[in-house]
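Below you'll find the structure, written out as structure tokens, and then a few comments.
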There are 2 protein chains.
Amino acid sequence: MSQKRTTPLEAPSIRKHQCTVDIRLEKLGMVPFFWNLDREILQPINNEFSASHFHAGQPIYYEGEKATMLRVVVYGAVKLIRQTEEGKEIMVDMLKPGEYFGNLNELGDDTYSETATAQSDACIMSIGNREFRSLLNMYPSIAVAVLDVTTKKLNSARQQIHHLTTLSVKKRIAHILKELCGKFGEESKVGMLLQLPLSRKDLADLAGTSTETASRVMSRFQQDGLITSGRQWVAITDINALSEVVSSN
Amino acid sequence: MSQKRTTPLEAPSIRKHQCTVDIRLEKLGMVPFFWNLDREILQPINNEFSASHFHAGQPIYYEGEKATMLRVVVYGAVKLIRQTEEGKEIMVDMLKPGEYFGNLNELGDDTYSETATAQSDACIMSIGNREFRSLLNMYPSIAVAVLDVTTKKLNSARQQIHHLTTLSVKKRIAHILKELCGKFGEESKVGMLLQLPLSRKDLADLAGTSTETASRVMSRFQQDGLITSGRQWVAITDINALSEVVSSN
DNA sequence: GCACTCCTTTGAACCAGCTCAATTTAGTAC
DNA sequence: GTACTAAATTGAGCTGGTTCAAAGGAGTGC
């Protein structure tokens, strides 16, 4: 850590220690599910959760494993991947703090339908499925909040389906960059820096294309001054131009 | 109606009259949302809904319209479509009786994110968004049931994304036929007949391909004896062979 | 500072599926 | 039966994106 870092990305350890017991309650209150709850209700809910840390690249669970937990991202980014036997994979979602993943189905006899991996160093809170479901039944407002989040996810999944079949790779990537910018973008000297490690392969998996094609598109964007990018990082320098790419001819 | 019909599909008017006030309550009880509810609770809920009929091909609402209602299919099939300005479209879902669609978001200021069209003659029950949301808050079990349905939809949307990027058109269509078979298949002399009008274009929109390619694939399937098909109808004759197509090499 | 790793870029051939265009046919109405 | 219409089929050329291969760099550990 004493060497000069050339990545503009924030070093992971800076924030890692912050995920202490003390601030878990605060984090939990920031999760959309628990918006309207009083502190005295939040407290026992908090006790149901347990926290754990993951290093960048470390798997959290695998597709097909027996699914027993529901998880919430507290710090860092988590990617959800589906893969074929031949190893071809696609990224189904990239989660930021406050988002949930895992399983919330009735019984514990389901399996996870995707693999979850820590994209950066991450802190995750987990709760047993059964426990969470009893929360849902106890507090309708939580159920409704979870439903709203899930509905939004469904909508964006359907938009993605639409894009996959109607847009060119170039437009799809431009659109994805815009979304990531809204989610992970942070002001920096190189532009809106996406605060997570993001390789060409990740982008390709998000866009449903090959690494090579993603690289070609990104090279072009960089050439045209829309982005600045290095190894595993991307910064958006001209978001309006990206929007134009999506909606052009 | 006195002429001989050559379509194996059931004539729409046969069942249409069945959607009377008398049996609405029964239908409502069949909707997954309302599984566990007592009859005395169901009764007032039923009163909140209003029913209406649509002819095959008739639009129910358009993408972008102000979204105020949540709807449930009582009889018939409803397709959900998203389209680009140039008219290229994709089918996001095909719904059967008991499934919900429309909007369930917080306030009435959202717009529908897809166009809903009656695929066959259909009977639809509607409820105001606000009213439904208060039901959700009143009966947690409804909220949880809706959440479960939505979660399943999300999962299948994500599977579709996966298929779009990893499977060939042939496999995608084979898979779609299998799903439709489970949902709309009815035993008949020509095999498992899909009990809804289904054109090559519909299939193409479902698979995210062109009408011509869908036609070519279907011709091939018919040639190989996997299906029997005519104008706007499809029957599956060998579902095992279809499964093999999906999982082959 | 040096070596090593693996991420990224670029080239070139190839192909699944698209598009455009023309023809055939199933189903319906009379 | 006959005529009509919209769905379905089939052909042929084109192309965006894939695949395979190989070279070029950024970041890291020692």
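The values are calculated or read from the model by the stated rules, or taken from the named source; none is laboratory data. The shown structure was predicted, so the numbers you read here are calculated from the model rather than taken from an experiment. So basically every Cβ, Gly included, is an ideal-geometry build from the backbone, and we count neighbours across all protein chains shown. All accessible areas refer to the heavy atoms of the entire protein, side chains included, with ligands and DNA or RNA removed. Shrake-Rupley method; radii C 1.70, N 1.55, O 1.52, S 1.80 Å.
Residue by residue, region B:115-125 carries 3J(HN,Hα) couplings of 9, 10, 10, 6, 7, 10, 4, 8, 10, 10, 9 Hz when phi is fed to the Karplus relation 6.51 cos²θ - 1.76 cosθ + 1.60 (θ = phi - 60°); x denotes Gly or Pro. Need one word for region B:54-115: rounded, prolate or oblate. Basis is the Cα gyration tensor (sqrt eigenvalues a ≥ b ≥ c); a/c below 1.5 gives rounded, then a/b vs b/c decides. The shape class here is oblate.
Ligands, DNA and RNA excluded, the heavy atoms of residue A:175 present near 30 Å² of accessible surface to a 1.4 Å solvent probe.
Size check on chain B: the Cα extents along the three principal axes, sorted descending, read 54, 46, 35 Å. A dipole drawn for region B:88-145 from +1 and -1 charges on Cβ atoms has a positive end, and of B:101, B:122, B:138 the residue lying farthest that way is B:138.
Leaving out ligands and nucleic acids, note down the accessible area per residue over region B:125-249 with a 1.4 angstrom probe, in whole Å².
On the way: 5310 Å² over 125 residues.
On a per-residue basis, region B:125-249 sits at 42 Å².
Of the trypsin sites (Lys or Arg not before Pro) found in region A:141-220, those in coil by DSSP whose Cβ has at most 15 other Cβ atoms within 10 Å are A:189.
Computed over region B:144-245, relative contact order equals 28 percent, with contacts defined as Cα pairs under 8 Å that lie 6+ residues apart.
Here the protein assembly as shown is treated with +1 on each Lys and Arg Cβ and -1 on each Asp and Glu Cβ, and its dipole about the Cα centre works out to around 1100 debye.
Centre-to-centre, using Cα atoms only, region B:201-224 and region A:104-152 are separated by 38 Å. Angle of helix B:129-138 to the longest C-alpha principal axis of chain B, folded into 0 to 90 degrees and rounded to 10: 70°.
Ordered by 1.4 Å accessible area with all protein chains kept, A:239, B:81 run largest first as A:239, B:81.
Only protein heavy atoms count here; under a 1.4 Å probe, residue A:68 has an accessible surface of about 70 Å².
What part of the accessible area of the protein assembly as shown, given as a whole %, is carbon or sulfur when the probe is 1.4 angstrom?
On the way: 11530 of 23460 Å².
Answer for the protein assembly as shown: carbon and sulfur cover 49 percent of the accessible area.
Its alpha carbons give the protein assembly as shown an Rg and a Dmax of 24.3, 88 Å.
Between copies, the label points of residue A:134, set 7 Å from Cα on the Cα→Cβ line, lie 3.2 nm apart, reported in increasing order to one decimal in nanometres. Using a simple spin-label model with points 7 Å from Cα along the Cα→Cβ vector, what separation in nm is obtained for residue A:210 and residue B:86? Simple spin-label model gives 2.3 nm for this pair.
Filter the cross-link list B:88/B:201; A:88/A:153; A:79/A:201; A:153/B:153; A:153/A:183; A:153/B:183 down to pairs whose alpha-carbon distance in this structure exceeds 21 Å. Long pairs (Cα-Cα over 21 Å): A:88/A:153; A:153/B:183.
With a ≥ b ≥ c the root eigenvalues of the C-alpha gyration tensor of region B:76-199, is it rounded (a/c under 1.5), prolate (a/b larger than b/c) or oblate? Please list the in-between numbers first.
Values: a/c = 1.73, a/b = 1.50, b/c = 1.15.
Prolate shape, in that a/c is at least 1.5 and a/b is the bigger ratio.
For chain B, what is the mean residue ellipticity at 222 nm derived from helices alone (per DSSP H run of n ≥ 4: -39500 (n - 2.57); sum divided by total residues; nearest 500 deg cm²/dmol)? List each step's numbers first, then the result.
Values: 9 runs with 107 residues, N = 249.
Helix-only estimate at 222 nm: -13500 deg cm²/dmol.
Under the combined filter of DSSP loop state and at most 15 neighbouring Cβ atoms within 10 Å, region B:80-134 retains these GluC sites (Glu not before Pro): B:85, B:86, B:106. Between identical copies, the spacing of residue A:247 label points, each set 7 Å from Cα toward the C-beta atom, reads 4.7 nm from nearest to farthest.
The mean sequence distance of close C-alpha pairs (under 8 Å, at least 6 residues apart), as a share of the length of chain A, puts its relative contact order at 19 percent.
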